[in-house]
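Written out below as structure tokens is the structure these notes cover.
Please treat every number below as a calculation from the coordinates, not as lab data. This is a predicted model, so every value here is computed, not measured. As a convention, Cβ positions derive from the backbone with ideal geometry for all residues, glycine included, and neighbour counts pool all protein chains shown.
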Amino acid sequence: MSPLPASPARRLAFALALAAAALPSLLAYNVSPSPTFLNQALALGLWGAWVFVGVAPTSWRGPAPLYGALGLVALAAAWSWVGGALPASLALSAIGALAAAAVLAAGGGAARTGNKRLDLFALFCWAWLVAGLLNVGVAGVQVFLPDLPDGDWIAHSGLPGRAVGNLRQPNHLSSLLLWSCIAVVALSELGRLGRRAAALAGAALVFAVVLTASRTGLVSVLLLALWGLADRRLSRWARALLLAAPLLYALSWLAMAQWAALSQHAFGGSQRLAESDISSSRFAIWRDTWALMRMHPWAGVGFGEFNFAWTLSPFPQRPVAFFDHTHNLPLQLAVELGLPLAGVVMALLLWALWRAVRQAWTTHGDDGTARRAALMMVLMIGLHSLLEYPLWYSYFLLPAAWAFGFALHRPTPAPAAPGSGARAAAGMVLAALAVVLGAAFSVVDYARVAVIFSSSPDAPPLEQRIADGQRSVFFAHHADYAEVTSGVPVRDPAHAFDRAAHYLLDTRFMIAWARSLAEHGQLDAARTLAARLREFHNADAREFFAACAPAASAASAAPATAAASAVVTAQAFQCERPAHAPGWQAFLTPPR
């Protein structure tokens, strides 16, 4: 069945929905330093434009609990900047993303007030179905033709035998594919997609989820079956399709394992089964997060400061990877905002979710089907947020907010004042326009730091590019990182290190920071950084700690005399224990 409606306006709506759902996930080209920035900027602009087509005379009061949760988190980000040490670039990026999510939630609610709401939701689902099927093709190339991807049109998979999509993350690909599965069921139930086509599309999408070998994807396939069990308003055929999803998954897994054995090709799923750590270090990071929460239960470590606090706190049994997120939304809120504020935010989200569930299950007919499908999209990404952090990416956050607003909005009485609905719609149009313009500005702003990492022969000197990048509104921290790690003279070491440290502490940065502290006489701080870096057992730090082995051997072989003391004194700072180890808060410096 054709997704294209007859009117030009609806054709435009479908084009915008398809572009917003598909293009960010299909864009393989990226520009350093962020591998996903262009995808996220594209999603921001296109989903902002999508809000235009769903605007109807309405009020902004629909998803009030959702507004409250987003607003509180935005205030926490602002306080972490104004009252804490979070750089302005990171705080403004977060506040902008949360504001855009509020606009999309309002747009989803507004879409329900018009008489074309089912058409709009069907277009939304068609867009995700087409995006999913296109990504099935990308997944197939990455697994079955791994030498074909060129990196610009189809990304190389860094995980042999696993599909990662052009977003280069298997969990992100599985999230998109599962949204597409929900869209298949919704379109079939709304009479927009034939059963045979729905069955074929659903089977292809579940097969592609197997190609990702994502454990989160496996759990989410079970959620599809749970939907089939719980929702008795679906047709028998739709419920059978949902209940068959785990069976299709199992058969696809067995078929891939057999194919890999016969063809001597890699299948990432088999390797995943052989891994000893079923949680992929999540259990370890959750243990450390719990320890941080116990140390800072009331105010947390500050919005955006988890990586900073966790990396600079002593955790001898920490995972070897540098984590910038807890991989669990409630834990992330609790450790950064503190238990009281995180509890309020989670209560608002759960209140909003409960209202959406109640309204979806009490609405009959096609309207109820659309509500429940939108709700399932929210539940699916919510489940992923207990094991990952997809909502930190605009290509998931914004459509999830729109679906949440669509599921949550309930009819309100007619506006008391004449024209108030039109004024609300005009305000929403302006808000959507601000999202689109914000996306365009972010691209221009990003170009100021992207040029730092380019190798163009006609580019200005590196020092000049870094200085210009440090004036970026949203990305100045990338310029600071480049300044302190590229070998150029650092004009203001304290300022540059202080800002860049709040984005992501990694081996290269920690070595440069420790050496700078040692050069400026802050030996205890430098030794503490070295001690924290040693806990990661990172291969890139071997050269940094190589000086410690000969010194330790000499010290152990020498008698306990002045000669031994001289050997110990001659050790590099990274080989010595700090006389007084400062806590992570001692490394915080409010932005200037």
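Name the residue farthest towards the positive end of the dipole of the chain from the options 304, 141, 222, assuming +1 on Cβ of Lys and Arg, -1 on Cβ of Asp and Glu, about the Cα centre.
After comparing all options, I get 222.
Taking amide H atoms as placed 1.01 Å from N in the peptide plane, list the residues 5 or more away in sequence, or in a different chain, whose amide H sits under 5 Å from that of residue 34.
none
Starting from 0.36 nm per residue, how many nanometres of slack lie between residue 455 and residue 366 once their C-alpha separation is accounted for? Walk me through the intermediate numbers first.
On the way: separation 89, 0.36 × 89 = 32.04 nm, distance 5.53 nm.
Contour length minus Cα-Cα distance gives 26.5 nm.
Using the Cα gyration tensor of the stretch 324-452, with a ≥ b ≥ c the square roots of its eigenvalues, what is the shape: rounded (a/c below 1.5), prolate (a/b larger than b/c) or oblate (neither)? Walk me through the numbers on the way to the answer.
Details: a/c = 1.88, a/b = 1.16, b/c = 1.63.
The shape class here is oblate.
Quick one: dipole size for the chain, taken about the Cα centre, charges +1 on Lys/Arg Cβ and -1 on Asp/Glu Cβ, in debye to the nearest 20.
2120 debye
With 10 angstrom as the radius, rank 442, 93 by how many other C-beta atoms surround their C-beta, starting from the fewest.
93, 442
Would you mind checking which residues have amide H under 5 Å from residue 303's amide H? H placed 1.01 Å from N; only 5 or more apart, or other chain.
For residue 303, whose amide H was placed from the backbone, the distant partners under 5 Å are 80.
Output needed: Cys residues of the chain lacking any neighbouring Cys C-beta below 4.7 Å, sorted by number.
125, 181
Just to confirm my numbers, what's the Cα centroid distance between the stretch 192-242 and the stretch 7-27 in Å?
24 Å
Dipole size in debye (nearest 20) for the stretch 453-529 around its Cα centre, Lys and Arg Cβ +1, Asp and Glu Cβ -1?
Its charge dipole is roughly 100 debye.
So what is the relative contact order of the stretch 81-198, in percent, for Cα pairs below 8 Å that sit 6 or more residues apart?
Relative contact order for the stretch 81-198 comes out at 21 percent.
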